[in-house]
Number of protein chains: 2
Amino acid sequence: MLIGPGDDAAVVRVSDGRVVVSTDLLVEGQHFRRDWSTAYDVGRKAAAQNLADILAMGAVPTALVVGLAAPADLEVGWVDGLTDGLRDECARLRVSVVGGDLSAADVLVVAVTALGDLRGRTAVTRAGAKPGDVVVVAGRLGFAAAGLALLSAGRSDHPLADAHRVPDVAYDAALRLAEAGATAMVDVSDGLVADLGHIAIASGVRIELASDDLPLPPELVEAALALGVDPRSWVAGGGEDHAFAATMRSDAALRAVTLLADLDAPVPFAQVGRVVTGDPGVVFVDETPAGPSGHQHFA
Amino acid sequence: MLIGPGDDAAVVRVSDGRVVVSTDLLVEGQHFRRDWSTAYDVGRKAAAQNLADILAMGAVPTALVVGLAAPADLEVGWVDGLTDGLRDECARLRVSVVGGDLSAADVLVVAVTALGDLRGRTAVTRAGAKPGDVVVVAGRLGFAAAGLALLSAGRSDHPLADAHRVPDVAYDAALRLAEAGATAMVDVSDGLVADLGHIAIASGVRIELASDDLPLPPELVEAALALGVDPRSWVAGGGEDHAFAATMRSDAALRAVTLLADLDAPVPFAQVGRVVTGDPGVVFVDETPAGPSGHQHFA
């Protein structure tokens, strides 16, 4: 940053004549519960979902500003924990929190705005998907939904519960998908079907998914068996993991595999469907997974 | 804007390698009451206070993103009114709302982030005030505080009550002060004494004010007489009018007068004090106005 917190506004460097901006709210009782998540968790989650929005445009996140509305009786240390969580998640991408605002309120609300830099590249919007493209996903799907289901069932000590508290976002994957030639991209915040629906509408295309192609990691299957639910409903409908879903030509998808293999940590990658002409929307060509088609908040 | 609402993020043009960013919350019960202000008023106020922050850096506002947390039982049309208010206040400066987020919550919170463009100029921070500078104010002081006092006294039909609902910000004045040679600048959101205190601390200087030099428009005096209070406490301590307070050399202040005279609408302008060496802080060289030294929210 050029000018940081403590003035009327901050000044952030950008490398070309454009800045990318996105904003999100986290509301207690809607997006987090203080008995399920620590302040540190909430800080990391708030940062993660905004950083993912910037990356889903094919841009590099550069700075965050944060507004916090908090009850007067908020326990001591909660704001410190939130701040630490925001800072640590941002540090993974060398991003700084450059400004903020604090207000009293009867409910806890964390309002985060993230800025990003395209570094001369073309933005990857939702509107570029073309018939003939394949649909790929990089990152985890269904883990946050599984975590929420486990927490709701009183299994707060289950390892997957953490996936609701703090998403494990494959940040590095987004720019690789863009570089490979993504024609459209979103981060999965509302659920795979819902977010691909945004691409379908914006691009005026039909997206065909195969539920047999949805990734089903063993830990999701195990947790689903324990709870007696279909894990594919988490994978198809669960949000808040912030995987990156993109459309691209099939040769670009092969290039994406190569680029993702170069990353330090392995990233789950799957081809889950294809783009066709037809009424804009998302359909399954085989059995549609049970459950809601989009992510439902828990309040 | 280059890419507007409806994607993961928006893309906004900037003219040099920097972007200015500021964020603010408006919380029901803290910053507005729905029985005192319309949704349209709240929208205009939310935009105004963020646009003023950008201008106080000597930058041109370019875009807004807005997060809204709202109760499920919010009356129909409130969100439309808010949106109209945001849009109309932004339109005064040809600024667009480029993105947003909406969430349920038990309380109404409007979270606005504004972006701005320095157009090659140096940012005017709070840290540049120098001994020998004079302190000037462009815009209204004490009007929002008078409006709040009148509303609290049940005088919601008084013309000045509108000054609490929607500030009348002298947007055009800020860039003229910067151009004239402001060494430091703030918009008065917390109160003149409190906000000049921010300059004093950041610049490591002492600011001497003369209460006899505080502007006392007749409508403030009249309202104060009716309520039995000292109008100078509104002028010295009242926030939310978003006047621009700046320090500059005395020859620059003369230049500022000339530049402000060229504006289409006349802007109140006053020289209210001077910058000296000494312990950082703000003092009155004559009688200190009664009342709080900084703006108090009403909850």
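Evaluation of B:GLN30 against the conditions (1) farther than 26 Å from B:ALA123 by Cα; (2) surrounded by 20 or more Cβ atoms within 10 Å (Cβ to Cβ); (3) within 7 Å of another protein chain (Cβ to nearest Cβ) shows that the sole unmet condition is (2).
Within the range B:1-27, which residues are out of contact with any helix residue (DSSP H, G or I) (no Cβ under 7 Å at 6 or more places or on another chain), closer than 13 Å to A:THR23 by Cβ and facing chain A (nearest Cβ under 7 Å)? Within the range B:1-27, B:ASP7, B:ALA10, B:VAL12, B:VAL21, B:THR23, B:LEU25 meet the criteria. Filter the range B:263-288 down to the residues that are among the polar types (S, T, N, Q) and at pLDDT 95 or above, then identify the one that is nearest to B:ALA180 (Cα to Cα). It comes out as B:GLN271. Remark: A:LEU26 matches the filter, which requires a residue to be more than 28 Å from B:ALA56 (Cβ to Cβ), of a type outside the set (Ser, Thr, Tyr) and outside the structural domain of A:GLY238 (by TED's automatic domain parsing). Of all residues in the range B:50-70, none satisfies being outside any strand (DSSP E or B), surrounded by fewer than 24 Cβ atoms within 10 Å (Cβ to Cβ) and either within 13 Å of chain A (Cβ to nearest Cβ) or in contact (Cβ under 8 Å) with a residue 24 or more places away in the chain (or both). Here A:ILE201 qualifies as of a type in the set (A, V, I, L, M, F, W, C), in a helix (DSSP H, G or I) and either within 16 Å of A:THR125 (Cβ to Cβ) or modelled with pLDDT under 95 (or both). Yes or no: A:PRO218 at pLDDT 95 or above, more than 25 Å from A:ARG126 (Cα to Cα) and of a type outside the set (Gly, Ala, Ser)? So A:PRO218 passes the test. Within the range B:201-212, if we keep just the residues that are surrounded by fewer than 24 Cβ atoms within 10 Å (Cβ to Cβ) and not acidic (Asp, Glu), the residue that is nearest to the other protein chains (Cβ to nearest Cβ) turns out to be B:ALA202.
Within the range B:151-159, identify whether any single residue is touching a residue at least 24 places away in the same chain (Cβ under 8 Å), at negative phi and of a type in the set (Asp, Glu), and answer yes or no. No - not one qualifying residue is present in the range B:151-159. Residue count for the range A:92-118 under the criterion of being in contact with an Asp or Glu (Cβ under 7 Å, 6 or more places away or on another chain) and either more than 7 Å from chain B (Cβ to nearest Cβ) or of a type in the set (A, V, I, L, M, F, W, C) (or both): the result is 5. Between residues in the range B:182-207 that are outside the structural domain of B:PRO268 (by TED's automatic domain parsing) and residues that are at pLDDT 95 or above, which pairs lie under 9 Å by C-beta distance while being six or more apart or on different chains? Partner pairs satisfying both residue conditions: none exist. Note on the range A:127-141: residues that are within 12 Å of chain B (Cβ to nearest Cβ) and farther than 16 Å from A:ALA180 by Cα total 1. Considering the range A:153-188, the residues that are at pLDDT 95 or above and of a type in the set (Ser, Thr, Tyr) include one that is nearest to the chain's Cα centre (by Cα), namely A:TYR171.
The values are calculated or read from the model by the stated rules, or taken from the named source; none is laboratory data. Since the structure is predicted, the reported quantities are computational estimates derived from the model, not experimental observations. Neighbour counts are summed over all protein chains in view; Cβ atoms, including those assigned to glycine, are modelled from backbone coordinates with ideal geometry.
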